[in-house]
1. Pairs under 7 Å by beta carbon, first residue under 19 Å from K72 (Cβ atoms) in region 138-151, partner open to solvent by 50 Å² or more (accessible area, probe 1.4 Å) and acidic (D, E), six or more apart or different chains?
2. Filter region 183-202 down to the residues that are of a type in the set (D, E, K, R) and free of Cβ contacts under 8 Å to residues at least 40 places away in the same chain, then identify the one that is least open to solvent (accessible area, probe 1.4 Å).
3. Given the criterion in a loop (DSSP other than H, G, I, E, B) and modelled with pLDDT of 95 or more, identify the matching residue among D183, D178, D171.
4. For region 47-54, indicate whether the set of residues that are outside any helix (DSSP H, G or I), open to solvent by less than 20 Å² (accessible area, probe 1.4 Å) and in contact (Cβ under 8 Å) with a residue 24 or more places away in the chain is non-empty.
5. Does any residue of region 105-116 turn out to be open to solvent by 20 Å² or more (accessible area, probe 1.4 Å), in contact (Cβ under 8 Å) with a residue 12 or more places away in the chain, in contact with a Phe, Trp or Tyr (Cβ under 8 Å, 6 or more places away or on another chain) and in a helix (DSSP H, G or I)?
6. Just one of the numbered conditions (1) of a type outside the set (D, E); (2) within 14 Å of E199 (Cα to Cα); (3) buried (at least 17 other Cβ atoms within 10 Å of the Cβ) is not true of G153; which one?
7. Which of the helices (runs of 4 or more DSSP H) found entirely inside region 270-344 contain at least 2 residues meeting this: touching a helix residue (DSSP H, G or I) at 6+ places or on another chain (Cβ under 8 Å) and modelled with pLDDT of 90 or more?
Amino acid sequence: MSINLYPKSILEPDLTPDISSDIDDKCTEVYEACKGWGTDDSRLLKALGSTTPAQRALIPLRFEQMHEKNLKKLVDSETSGDFGIALELLSLSPDVAEAKIIKMACKGIGTDEDVLFPIILGRTNEEMAALKKAFFKTYDKDLGKYLDSELGGDLETLIFNALQGVEDEYDPGFHTDDKAKEDAEAIYEAGQGSWGTNEAGMFKVLCSAPTEHLKNVNHVYADKYGYTLFKAFEKELGGLSESAALFSIGMKLKPYETVAKLIKKACAGFGTNEFLLTCCIIRYQGVMTQVDAAHIELFGKSIEDRVKNEVKGKYEKLLVMEFLDRLVRMTKVLTFLKGRHQYYKPVPDTGP
């Protein structure tokens with residue numbers, strides 16, 4: 001199974017949820033930060049930047065109950081730039097925030113596929129269903145039909161396979177060694193073993209295979225054909241479809257390393273992709289401790305250090321001081337306790 005990003009309250013909604021005092025406190029802090037002439041950015045940053053996914057699933061509803069105002073519209077009117085985008089996403093429930101990210105990634109001329117495909121790929125069936133529901137509720141549009149007008153080629157084929165939520169539940173009685181051999185052969189026949197690549201055939205196996213089974217398929221493929229699945233897909237695909245397929249494989253086999261590489265990608269080259277970086281930090285907050293440990297292993301530096309090198313000002317404070325700091329500190333404490341003192345000794349990146 002892929003990692004879960006949504007809190008239980010989204011996957012199992014309660015029409016009358018219990019609202020704890022900390023939710024009310026957050027709502028009050030946001031309201032006070034935006035009251036009167038001018039916005040207290042520091043206070044607003046501290047109030048929203050320190051929230052958890054579970055809290056953000058409840059805060060928008062509670063804020064409107066308490067203050068008769070839409071939280072997202074209020075934050076949008078009070079902030080701007082990358083800082084404002086990040087706070088706007090934090091003012092939404094995680095599923096609605098992802099629906100907003102998809103809409104933003106498709107806005108204007110051209111689609112930001114690097115932001116789009118990580119939201120769709122590597123998701124559990126339950127989260128995919130919740131995301132599609134949130135998109136329709138927010139924009140009154142079917143997510144599949146909406147993306148049909150934005151995508152094309154092999155990337156569209158992969159995305160639409162994933163949108164169906166077809167990942168099998170792992171069943172040891174069905175996902176046997178023989179089934180792994182069968183699926184490894186199917187991938188080979190669709191790719192390396194044929195003249196021309198049957199991308200749809202490769203994507204079908206990838207999207208339907210649960211994590212435990214895909215690991216077995218990967219071992220079988222490497223033993224029989226001399227390549228890991230990463231290399232097999234890399235050799236047969238190119239461009240965005242290659243990046244998306246490798247991401248999908250990675251989220252099933254090495255999820256924390258895959259997210260760490262996505263964060264590095266957001267900061268690579270000339271200029272930072274601030275939108276992608278914002279999406280990564282917010283979306284993967286719940287697993288950021290594990291992602292940071294993987295980032296240190298792969299690149300010899302923490303995510304905190306990478307972010308500080310890339311962004312400045314209020315935006316940096318939001319991503320680092322309030323959002324990452326407690327998670328990164330926890331990682332370093334755990335690492336120290338395990339006797340791993342070489343935090344910043346570079347480790348070669350050997351690929352996926």
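The values are calculated or read from the model by the stated rules, or taken from the named source; none is laboratory data. All values reported here derive from a predicted model rather than from experimental measurement. Note that we place each Cβ from the backbone using ideal geometry, even for glycine, and neighbour counts take in every protein chain shown. Just the protein is used for accessible areas: all its heavy atoms, side chains included, with ligands, DNA and RNA removed. Shrake-Rupley method; radii C 1.70, N 1.55, O 1.52, S 1.80 Å.
1. Sorted first by the residue in region 138-151, then by its partner, the list stays empty.
2. We begin by selecting, within region 183-202, every residue of a type in the set (D, E, K, R); these are 183, 185, 189, 199.
Filter once more, keeping what is free of Cβ contacts under 8 Å to residues at least 40 places away in the same chain: 183, 185, 189.
Numbers: D183: 17, E185: 86, E189: 94 Å².
Going through the qualifying residues, I end up with D183.
3. D171 is the lone residue from the list that is in a loop (DSSP other than H, G, I, E, B) and modelled with pLDDT of 95 or more.
4. Yes, region 47-54 contains at least one residue that is outside any helix (DSSP H, G or I), open to solvent by less than 20 Å² (accessible area, probe 1.4 Å) and in contact (Cβ under 8 Å) with a residue 24 or more places away in the chain.
5. Checked against the condition, which is being open to solvent by 20 Å² or more (accessible area, probe 1.4 Å), in contact (Cβ under 8 Å) with a residue 12 or more places away in the chain, in contact with a Phe, Trp or Tyr (Cβ under 8 Å, 6 or more places away or on another chain) and in a helix (DSSP H, G or I), region 105-116 yields no hits at all.
6. The failed condition is (3).
7. In region 270-344, the matching helices (runs of 4 or more DSSP H) lie at 274-283, 288-299, 303-310, 313-316.
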